[in-house]
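The values are calculated or read from the model by the stated rules, or taken from the named source; none is laboratory data. The structure presented is a predicted model; accordingly, all values stated were derived computationally and were not measured. Methodologically, a virtual Cβ is constructed for each residue, glycine included, from the backbone with ideal geometry; neighbour enumeration extends over all protein chains shown.
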């Protein structure tokens, strides 16, 4: 018998060789029907994997993220088999699960795939799925694995195998199909009831533009047809809310090939919106004791070598800038934190001066591959709402909790109410990914978990998701379409204070090392605006929207009164503009609707006579004839209900 420990701490005994499915069946038949994958002793296993020793077992269903990953990874195998059967002679490479679905990268040779081929691929995939073929893992020697793919004439799989250790190579079989695979599958193909090919794109082998270009086939699958239908509806809604489309329609930002890929240009309306966001956070930061600083856009290469950013981000950074002076090199800054460390170092610091809270809207630069650029969400130049807190060890807990409060205030004021917190810690099995002492990592991780618990946050712990210099608390927000995004992060760092030799004089007159907190509630201004656009569909909170009202005179004879109304609105601190074009009022209203102005103010003969305004809300609600003062009261009430004081 072996002893199995479940997530709730309960232990059960089963005969050696029992599977996770057997354990599930011992709990309930209903659970057994829904289990699709598992993790045993922190290792991914199949639902049918024999368990040979005591250990901790987690069972996953479709409702779990790990369950979805197994489902979609298994579906990528089905996609690969369908492609091989439809396009003989193709060469398969890799096919992972992604956040929403999966893809498979394929060398199609002489074949091509376009949208008109999708129905045939889907039909073949569902035909395979209906066969209810079991997924079976088996270990293969390196010699046999190489021999198999030499026969297949597949240089991509051979390259992958060459980089694997003998004894660490597994194949997965189902039906007549075999693939090199590390595991993580559903019990059989029959669980896949709905299958959709979403699109195809180009992709370089191993992400290297100097390697062969492949065809990436994206797909998604579900255990029920209804879920696929709902997902496709969500995709249609997402297209309408695409921030690139809305940004153009609302005249917020643009890009120029002459300026360069991934370098956004903010138009006047977008710049006003961005400025309002900055002022909103600056006001809250001032109350919380932050001091604003400004640092340059470049720094000597040695600065980022010291911080560790050059070693970790060097390949993703712009190449060094060489000056006329020999051996002098500068980098466009990839991070603000090294600069802030040097600000802390500029003057002697006593324990009485701590905590020091330096904040900056600092622009940073990273050379993202052109194929990965995407509107404002993936750019090469972006502005972080960055701040770094330098404090004593005793102050860490309170400071961290204060930053949690600030982050929750930001999210709440902008309508992001549906979120979970993620404590991102290091992967103890991959120490090469991180810098700093293990002891300091353990202290930092414990501090974050304690603060999150004290604040009553609903959080999960994710190993392997930490920054290279420290663990962090990330806010994972669901938008109006149910999509999850990472917005805002707080990090505890013992490492950079060591690397920059940061010290303060303690009450004992000795020098001590401060702790450093990195935080950015928005993350980056560019990405935050993009997600806010898609979350709101361009209908920003009233306090934030660039123009809160537009005045629409019915005809030319009403323009003077319309101008007086505009002046009165501005005196009441309502942001408004006047549309005095010689167009019909109906056309002006339609265009104002498309422009997403919260209030349309129509003025004609009756309004001139009564000294009132006729107000229509975006979306069609008619507020009737009211005074400017009444509208001002309505606007203030709505803003106050959304924008609480910090």
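Scan region 562-572 and tell me whether some residue there is surrounded by fewer than 18 Cβ atoms within 10 Å (Cβ to Cβ), at pLDDT 95 or above and part of a loop (DSSP other than H, G, I, E, B).
yes
Take the residues of region 160-190 that are crowded, with 18+ Cβ neighbours inside 10 Å and within 29 Å of the chain's Cα centre (by Cα): which is farthest from residue 315 (Cα to Cα)?
Filtering region 160-190 for residues that are crowded, with 18+ Cβ neighbours inside 10 Å and within 29 Å of the chain's Cα centre (by Cα), the one farthest from residue 315 (Cα to Cα) comes out as 186.
What strands (runs of 3 or more DSSP E), lying completely within region 104-202, carry at least 3 residues that are in the same structural domain as residue 48 (by TED's automatic domain parsing) and under 20 Å from residue 94 (Cβ atoms)?
none
Take region 573-588 and flag every residue that is surrounded by 19 or more Cβ atoms within 10 Å (Cβ to Cβ) and in a helix (DSSP H, G or I).
Matches in region 573-588: 588 only.
Counting just the residues of region 405-433 that are more than 30 Å from residue 533 (Cβ to Cβ) and at pLDDT 85 or above, which one comes out nearest to the chain's Cα centre (by Cα)?
425
Please go through region 12-26 and pick out each residue that is in a helix (DSSP H, G or I) and in contact with a strand residue (DSSP E or B) (Cβ under 9 Å, 6 or more places away or on another chain).
Residues satisfying the conditions are 20, 21, 22, 23, 24, 26.
Quick one: which residue in 405, 386 is under 17 Å from residue 519 (Cα atoms) and surrounded by 21 or more Cβ atoms within 10 Å (Cβ to Cβ)?
On inspection, the qualifying residue turns out to be 386.
Given the options 644, 636, 596, name the one that is at pLDDT below 95 and part of a helix (DSSP H, G or I).
Values: 644 fails: part of a helix (DSSP H, G or I); 596 fails: part of a helix (DSSP H, G or I).
Answer to the check: 636.
Out of the residues in region 221-258 meeting the condition of being over 21 Å from residue 535 (Cβ atoms) and in contact with a helix residue (DSSP H, G or I) (Cβ under 7 Å, 6 or more places away or on another chain), tell me which one is surrounded by the most Cβ atoms within 10 Å (Cβ to Cβ).
Across region 221-258, the extreme among qualifying residues is 221.
Within region 424-436, is there a residue that is surrounded by 20 or more Cβ atoms within 10 Å (Cβ to Cβ) and closer than 28 Å to residue 536 by Cβ?
Within region 424-436 (the criterion being surrounded by 20 or more Cβ atoms within 10 Å (Cβ to Cβ) and closer than 28 Å to residue 536 by Cβ), the answer is yes, since at least one residue qualifies.
Of the residues 307, 317, 370, 350, which is within 30 Å of residue 509 (Cα to Cα), in the same structural domain as residue 406 (by TED's automatic domain parsing) and at pLDDT below 95?
Working: 317 fails: within 30 Å of residue 509 (Cα to Cα); 370 fails: within 30 Å of residue 509 (Cα to Cα); 350 fails: at pLDDT below 95.
That would be 307, the only listed residue that is within 30 Å of residue 509 (Cα to Cα), in the same structural domain as residue 406 (by TED's automatic domain parsing) and at pLDDT below 95.
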